[in-house]
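In what follows, a structure is listed as structure tokens, so that the remarks can point back to it.
The values are calculated or read from the model by the stated rules, or taken from the named source; none is laboratory data. If you're wondering where the values come from, they're calculated on a predicted model, not measured in any experiment. No Cβ is skipped: glycine too gets one built from the backbone with ideal geometry, and neighbour counts run over all protein chains shown.
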Amino acid sequence: MVLSLPFLAWKGDNHLVRYLTTIAIVSAFFATSASAVREFVILDEPLPAQRVEGVVLDPGGAPIPDMTVSDCTPEWAAVLRSTTTDSKGHFRLSREHGKSVYYLRFDHRLFNPLGLRLTLDKNASQRGITARPHIGG
């Protein structure tokens, strides 16, 4: 028994090579397009809190576990240290002596990266912050 697949039939003018090349180019286009939807979202207003801690929630209000939370240099230029959220979406970083502004970056493969400035204020109404990244690529 011979299995015949017409689209893979070899014809003297390299149809198979052209077909496979087209598939490869289209696949590469879609692969790069899918990763291009991720956008680093920065919240303009600093968030006041008493501590460098909080919870990360998805748009529906559910906690996001395994989100990487990084303490960065000003304007998110480089990562200084990082932690991950627990199963309830909580994170905590120790306070650094003399530092009152923290540039926090939130990263997870299912969400757009989020950047926000946390300003420590002992009189803030909240102990920590709530971060809500947008769904992304």
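I'd like to check which strands (runs of 3 or more DSSP E) are fully inside the stretch 35-106 and have at least 3 residues that are closer than 16 Å to Arg127 by Cβ.
Where strands (runs of 3 or more DSSP E) fall fully within the stretch 35-106 and carry at least 3 residues being closer than 16 Å to Arg127 by Cβ, they are 47-49, 53-56, 90-92.
Looking at (1) touching a Lys or Arg at 6+ places or on another chain (Cβ under 7 Å); (2) at pLDDT below 95, which one does Lys122 not meet, given that it meets all the others?
So Lys122 meets the others, but not (1).
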